[in-house]
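Here the structure is laid out as structure tokens; the discussion comes afterwards.
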Amino acid sequence: MDAEMRGHAVRRPRLVVVSGPPGSGKTTLAHALGRAVGWPVISRDEIKQGMAHADPAFEPAPEDELALRTLDTFFEVLAVLARAGVDTVAEAAFQDRLWRPGLEPLAALADLRFVHCVVDRDVAVDRIARRRRDEPLRRVHSAPGAPDPAALAARHDAFQRVRLEGPALEVDTTGEYLPGLDEIAAFAKDARIIDIR
């Protein structure tokens, strides 16, 4: 017997899309948000890391074969959770032209909310270089070798955030979150507009 038959109103699940350019703090914020609201976090990069570790012959490269498989798997997992009524935090470097086709069908299954991470370009470039050096598991996302700061800066500047209908919140992740995590969690749960002035 489903919830409607038992007399309970069934609301659509919430899907909070945490996005921003590489190095903007998406993964850290998504996991902090997931802990704050008690929802699972589905990370595109973490799915790819799991796939890469299952294939000892994998060699990272721009737009490698795993990147395509990861994309399909990521959206399939989000659809399964949405159909099951699970509130979820989704994290990836969602760019409009690349990710809109995967997100649009999810709007029929869940109430989408968007959290856009913003950070100064130089901070993002420093974060990427540091994690390539200090976090070996994250190396599956880029070709071997030292990152090119000029290329990373150009990629940061060219980032185009997802533009779909739904409540959106911009979060500065340079240091302490602005707005703070409590306000971000309230937005995730209730889509309340936050005035950070």
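The values are calculated or read from the model by the stated rules, or taken from the named source; none is laboratory data. These numbers were taken from a predicted model, which means no experiment stands behind them. Counting neighbours? That spans all protein chains shown, and the Cβs are built from the backbone with ideal geometry, glycine included.
Here segment 2-54 is the region considered, the condition is being touching a strand residue (DSSP E or B) at 6+ places or on another chain (Cβ under 6 Å) and charged (D, E, K, R), and the residue that is modelled with the lowest pLDDT is 12.
Tally time: how many residues in segment 170-185 are assigned to a strand (DSSP E or B) and more than 17 Å from residue 96 (Cβ to Cβ)?
Keep residues of segment 170-185 that are assigned to a strand (DSSP E or B), which gives 170-172, 178.
Checking the rest, the ones that are also more than 17 Å from residue 96 (Cβ to Cβ) come to 171-172, 178.
Looking only at that region, the number is 3.
Of all the criteria given as (1) within 24 Å of residue 167 (Cβ to Cβ); (2) crowded, with 16+ Cβ neighbours inside 10 Å; (3) over 17 Å from the mean Cα position of the chain (by Cα), the one not satisfied by residue 132 is (1).
Listed here are the residues, each with its yes/no results for (1) touching a residue at least 60 places away in the same chain (Cβ under 8 Å); (2) out of contact with any Ser or Thr (no Cβ under 7 Å at 6 or more places or on another chain); (3) at positive phi; (4) surrounded by 15 or more Cβ atoms within 10 Å (Cβ to Cβ).
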site: 35; (1), (2), (3), (4): no, yes, no, no
site: 49; (1), (2), (3), (4): yes, yes, no, yes
site: 52; (1), (2), (3), (4): yes, yes, no, yes
site: 74; (1), (2), (3), (4): no, yes, no, yes
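The criterion of at least 3 residues that are not β-branched (Val, Ile, Thr) is met by the following strands (runs of 3 or more DSSP E) wholly inside segment 39-130: 111-118. Flag not set for residue 98, criterion: aliphatic (A, V, I, L, M), farther than 20 Å from residue 117 by Cα and surrounded by 13 or more Cβ atoms within 10 Å (Cβ to Cβ).
In segment 98-109, the residues that are over 11 Å from residue 71 (Cα atoms) never reach a residue that is hydrophobic (A, V, I, L, M, F, W, C) and loosely packed, with under 13 Cβ neighbours inside 10 Å with C-beta atoms less than 9 angstrom apart, at least six apart or across chains. Would you call residue 114 buried (at least 18 other Cβ atoms within 10 Å of the Cβ), touching a Pro at 6+ places or on another chain (Cβ under 8 Å) and closer than 26 Å to residue 172 by Cα? Yes, satisfied.
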